[in-house]
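Quick notes on the structure that follows.
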Amino acid sequence: MSKQDLDPRDLLAVDALLSEEERMIRESVRGFVEDRVVPQVGDWYERGVFPREMAKELGGLGLLGMHLEGFGCAGTSATSYGLACLELEAGDTGFRSFVSVQGSLAMYAIHAYGSDEQKERWLPAMATGDAIGCFGLTEPDSGSDPGSMRTRARRDGDDWVLDGTKMWITNGSIADVAVVWAQTDEGVRGFLVPTDAPGFSANVVHRKLSLRASVTSELVLSGCRLPGDALLPKARGLSAPLGCLNEARFGIVFGSVGAGRACYDSAREYAATREQFGRPIAGFQLVQAKLVDMAMSVGRSHLLALHLGRMKDAGTLEPQQVSFGKLHNVGEALGVARTARDVLGANGITLEYPVMRHMTNLESVVTYEGTADIHRLVLGKAITGLGAFA
C-alpha cells in the first residue's frame, strides 16, 4: 500500500484483517447508524429519550443476541458482534448499551442458564425486539461488591417472593422481562421477572448528564410473587451474573473504539475546514500533533479489540484479558474525546458535533460493568498472584 492509499480513519489498515462476512456486517450496521441514528441522536440525547420503536429495527437487522445460537438468533462470531458494537457506539453509547443489555446480559442469561421453556418463551421475541429485557444486579449500596446485595428471594410454597431494589438498570422501565439476581438460602440465584408481575415497579432515573439517549431505571420488588419456574435453573452463585457481565464487557471493548473514532473523525474534519490566521488549523503543528495522538490511540484500541475478538472466537479469551481491553480502550476513548473537544474549541461543547455527547457517555462507560479501579485490581492479581480486594 502506498502512502497515497492510507486511510486517515484506518492508518494501520485494520480493515484488511477482517473477513468478507465481517466487513458486510460492519457496513450494514454503519449504514444503519448513519441513516437512522446520527441524524436524530442529538435531539434524543437533549430530550433524554431512547426511542423504543428502534428495538424492532435493531432486531430486524439481526443485532439482538446476534452472537447466540438458535431461538431466532443470528449465531454470528464474537468478532462480528464486536464490530457491530463498534459501529453502534460510533453513533451513540445508548444504542450499543441497548444491544449489549438485551443480547449479552438478559438474553445471554436466559440462553446460558435458562430452561428450554424459558428460552422458547423469551428468546425469539427478544431477538426480534418485540420483547425487551433488562438485567438487575447492581443495587444502591452494592456496585463493585455484588456479593453484598440485599435483594432476597424466599420460598413460599411452590412460589418465590422477591424483595429489594436494583439501581442503574438500563432498559428497566421499557423492559418486558427483568433478569433479577437475589440472595436465597441456597446462595445467589437468578429469576425471570415479567415486568407486569404484581409487586414489581420501575422508576426512571431523571436528570442524568450522561447516557441521556438511554433508559436508566430503578427496579423495586416489594413482595413480588413469582411461580417456581421463574428461577433460572442453571444459575448458581455469583459466577452466573459475573459471566454475563464478561459478555457485555467484551462489547464495550469494541464499542469504545467506535466512540473514540467518531470523536477523532469530527476533530479531523473540523480542523480541515476551520480557518485561523488565514489557513485551516489542520496545517498547524500543535493541531497535527493532537490529530496524530488521536489516530494512534484509536488504531491501538482497534487492534486490541480485534485481537481479543479472535481469541474469543478461538475459545481462549480469559476474563482478565477482557478487563485489559475495557480498561485500556475506554480510557483511550475518553482521552480522544477530550482532545477532540480541545480541537473543536467552543464548538466542541454543542450538540451540533458529537464530541461532548460521546465524552459524557464515556464517563459512564468507564464506571459501569466494572470500574477502572476494579479492572486494575483484576489485572494486578493476574500479574502478582495477590488479590488486593478487601
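The values are calculated or read from the model by the stated rules, or taken from the named source; none is laboratory data. Everything quoted here is computed from the prediction, not taken from an experiment. No Cβ is skipped: glycine too gets one built from the backbone with ideal geometry, and neighbour counts run over all protein chains shown. Heavy atoms of the whole protein, side chains included, go into the accessibility calculation; ligands, DNA and RNA do not. Shrake-Rupley method; radii C 1.70, N 1.55, O 1.52, S 1.80 Å.
On a per residue basis, the chain carries 43 Å² of accessible surface, using protein heavy atoms and a 1.4 Å probe. Between helix 372-384 and the chain, what is the angle of the helix's C-alpha long axis to the longest principal axis, kept within 0 to 90° and rounded to the nearest 10? The helix 372-384 is inclined about 90 degrees to the chain. Evaluating 6.51 cos²θ - 1.76 cosθ + 1.60 at θ = phi - 60° for every residue in the range 354-366, the Karplus couplings come out as x, 5, 5, 4, 5, 4, 5, 4, 5, 5, 7, 4, 5 Hz, glycine and proline recorded as x. As a test question: what accessible area, to the nearest 10 Å², does E363 have when a 1.4 Å probe is rolled over all protein chains in place? Here the residue's solvent-accessible area equals roughly 80 Å². The count of lysine pairs in the chain that are at least 8 places apart or cross chains, and whose C-alpha atoms lie under 24 Å apart, stands at 14.
Summing charges over all other residues whose Cβ lies under 13 Å from the Cβ of L221, with Lys and Arg as +1 and Asp and Glu as -1, gives +2.
Ordered from highest to lowest accessible area with the whole protein assembly present and a 1.4 Å probe, I252, I374 read as I374, I252. If you run the Gaussian network model on the chain, springs between alpha carbon atoms under 10 Å, then out of S148, S173, S115 the most flexible one is S148. For every other residue with a beta carbon closer than 15 angstrom to the beta carbon of E20, add +1 if it is Lys or Arg and -1 if Asp or Glu, then tell me the sum. That works out to -2.
Contour minus end-to-end for L17 and S144, with contour as 0.36 nm per residue of separation and end-to-end as the Cα-Cα distance? Please list the in-between numbers first.
On the way: separation 127, 0.36 × 127 = 45.72 nm, distance 3.60 nm.
Working it through step by step, the gained length comes to 42.1 nm.
Of all the accessible heavy-atom surface of the chain, with the other protein chains kept in place and a 1.4 Å probe, what percent is carbon and sulfur? Carbon and sulfur together cover 53 percent of it.
Result for the chain in a Gaussian network model with C-alpha springs under 10 Å: among L105, L379, L86, the largest mean-square fluctuation is at L379. Each helix, a run of at least 4 DSSP H residues, gives -39500 (n - 2.57); summed and divided by the residues of the chain, these come to -15500 deg cm²/dmol at 222 nm. Residues whose amide H falls under 5 Å from that of T138, counting only those 5 or more places apart or on a different chain, are M167, with hydrogens built in the peptide plane. Roughly what angle does helix 116-128 make with the longest principal axis of the chain, taking Cα atoms, 0 to 90 degrees, to the nearest 10? So the helix axis and the longest Cα principal axis differ by about 30 degrees.
The residue list C85, G164, G380 was ranked by how far each Cα lies along the charge dipole of the chain toward its positive end, using unit charges on Cβ atoms, and G380 comes out on top. Using the Cβ of M359 as centre and a radius below 10 Å, the other residues enclosed give a net charge of +2, where K and R count +1 and D and E count -1.
Computed with a 1.4 Å probe on the full set of protein chains, the accessible area for W181 sits at about 0 Å². For the chain, the longest principal axis of the C-alpha atoms and the axis of helix 239-273 are separated by about 20°.
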